[in-house]
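Have a look at the structure below before the remarks.
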Amino acid sequence: MFQAYKYRIYPNTEQQIALAKSFGCCRWYWNYALNLCQETYKTTGKGLSRPAIQGLLPQLKKEYPWLTDAYSQCLQVVALNLSAAYKNFFDKRAKLPRFKSKHGRQSISYPQNVKFEGDYLKLPGKIGLVYCRRHREFEGTIKTVTVSKNSEGKYYASVLVDDGKETPNLSTNGKAIGIDLGLTHFAITSEGSKYSNPKHLIKHERNLKRKQQKLSRKQKGSKSRQKARLKVAKVHAKISRCREDFLHKLSRKIVNENQIIAVEDLAVKNLVRNPKLAKAISDCGWGMFCTMLKYKAEKEGKNYQEVDRFFPSSKTCNVCLNQVGSLPLEIRRWTCKHCQTTHDRDINASINIKNEALRILSLGTSDTANLRGCRSSGKTMCQAQASPTVLSDAIPIEVGSPHLLVEKCG
């Protein structure tokens, strides 16, 4: 099983210059190969294969001697990444590959000849030993090391390791939970827990506005503008780190406490088209949160299940399965006309998401929908299955959160 570890590295001045040359060579080769692929497709209707792209290197190094500043294997990886990008595009997993800019994040990959020597990371070529803040150890064989520089000028090394372990088999024995994502509360669980939305962008918005105003007043191309741009980048990086810290802590807490995790398959790209909510939705990081839940659950052999976005989770009573015709967003609590049960809109939605996920899993594993190990709040899944839509008759024990909220980062 592959596992990636990200470390902060501290290259000296000479190493920074050498890395900058390598970044530039790989970026130029990517743009050259991408342009050649586009021109070839326009004239012949066919693209270029990876061996054809890699075969360009010997002649290019003769025409452009400065390409030898980059390690040869780094340039080979560029061709591999470009062919993979096109494959992902044709498989509809990603957008069309784009040209790279010298502004913003820069990266190169070393597929071999990289190793750790104490507190230093030894990179091949002209880089040599680079001090690395190795905050945690790993076991396994190093496959690839990607060195990157972010927009605020910090360097990182992402180490891909093969630990030799097999991916654990998924199990349905344990606790099931449904999660409904929102704006006022970031996550609402089927147990009645509500996790507040930290709103990291709003907390730093005043500082960000002030620094962006100073940046807009600087003359383009001047050193003062470059310094102001770096200050803006640091604020954005701070917001990003706070958001990732919150999402990592919350996703880890949920995965540790549950065996089956059910969420709604949200179309975030469509939701951010709403001009009134786009900023708030983007600040939440729903997509990143679901990605964290998925890979952490799969790593531990737990089930991560997504429910269709068109499933009426909010409008369906989780007790009698009666569905209301319309339920505007401003209505946060509603009473079922059939069974007279008063529901919290979000908790009711999370319960329905959990029940629908259990139904999907049961139909995929057996005809009898028998998940004896799965349990909800105080009730087991062996109870009466009165409806083909949901399997559990669970109701929240309490409206408030029985758990401690995830610590907010400063």
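Summary of computed values
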| read-out | value |
| --- | --- |
| Residues located in segment 171-194, provided they are of a type in the set (Ser, Thr, Tyr) and assigned to a strand (DSSP E or B) | THR189 |
| Yes/no for ALA262 being aliphatic (A, V, I, L, M) and farther than 19 Å from ALA357 by Cβ | no |
| Subset of segment 215-234 (residues that are assigned to a helix (DSSP H, G or I) and over 32 Å from the mean Cα position of the chain (by Cα)) | ARG217, LYS223, SER224 |
| Of the criteria (1) more than 25 Å from SER313 (Cα to Cα); (2) of a type in the set (Val, Ile, Thr); (3) in contact with a strand residue (DSSP E or B) (Cβ under 8 Å, 6 or more places away or on another chain), which one VAL263 fails | (1) |
| Test: LYS175 is within 28 Å of ASN256 (Cα to Cα) and not hydroxyl-bearing (Ser, Thr, Tyr) | yes |
| Counted residues, segment 137-180 - those being among the aliphatic types (A, V, I, L, M) and without any contact (Cβ under 8 Å) to a residue 40 or more places away in the chain | 2 |
| Answer residue from segment 118-136, given it is in contact (Cβ under 8 Å) with a residue 40 or more places away in the chain and exposed (fewer than 15 other Cβ atoms within 10 Å of the Cβ) and is nearest to GLN73 (Cα to Cα) among those | ARG133 |
| First in segment 257-273 and closer than 17 Å to PHE310 by Cα and free of Cβ contacts under 8 Å to residues at least 40 places away in the same chain, second anywhere and surrounded by fewer than 21 Cβ atoms within 10 Å (Cβ to Cβ) and among the charged types (D, E, K, R), Cβ under 8 Å, 6 or more apart | none |
| In segment 116-170, residue farthest from ALA228 (Cα to Cα) [restricted to those that are in a loop (DSSP other than H, G, I, E, B) and of a type in the set (Val, Ile, Thr)] | THR167 |
| Boolean, THR316 is polar (S, T, N, Q) and farther than 13 Å from ALA262 by Cα | yes |
| Top-ranked residue of segment 192-237 - restricted to ones that are of a type in the set (A, V, I, L, M) and within 20 Å of LYS279 (Cβ to Cβ), ranked as surrounded by the fewest Cβ atoms within 10 Å (Cβ to Cβ) | ILE202 |
| Flag if LEU247 is in contact (Cβ under 8 Å) with a residue 60 or more places away in the chain, of a type in the set (A, V, I, L, M), touching a Phe, Trp or Tyr at 6+ places or on another chain (Cβ under 7 Å) and under 19 Å from THR184 (Cβ atoms) | no |
| Top-ranked residue of segment 341-356 - restricted to ones that are in contact (Cβ under 8 Å) with a residue 12 or more places away in the chain and of a type in the set (S, T, N, Q), ranked as surrounded by the fewest Cβ atoms within 10 Å (Cβ to Cβ) | THR341 |
| Qualifying residue in segment 195-203 (condition: over 30 Å from PRO124 (Cα atoms), under 21 Å from the mean Cα position of the chain (by Cα), assigned to a strand (DSSP E or B) and not aromatic (Phe, Trp, Tyr)) | yes |
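Every number here is computed from the coordinates shown, using simple stated rules; none is lab data. Just so we're clear, the structure is a prediction, and the values are computed from it rather than from any experiment. No Cβ is skipped: glycine too gets one built from the backbone with ideal geometry, and neighbour counts run over all protein chains shown.
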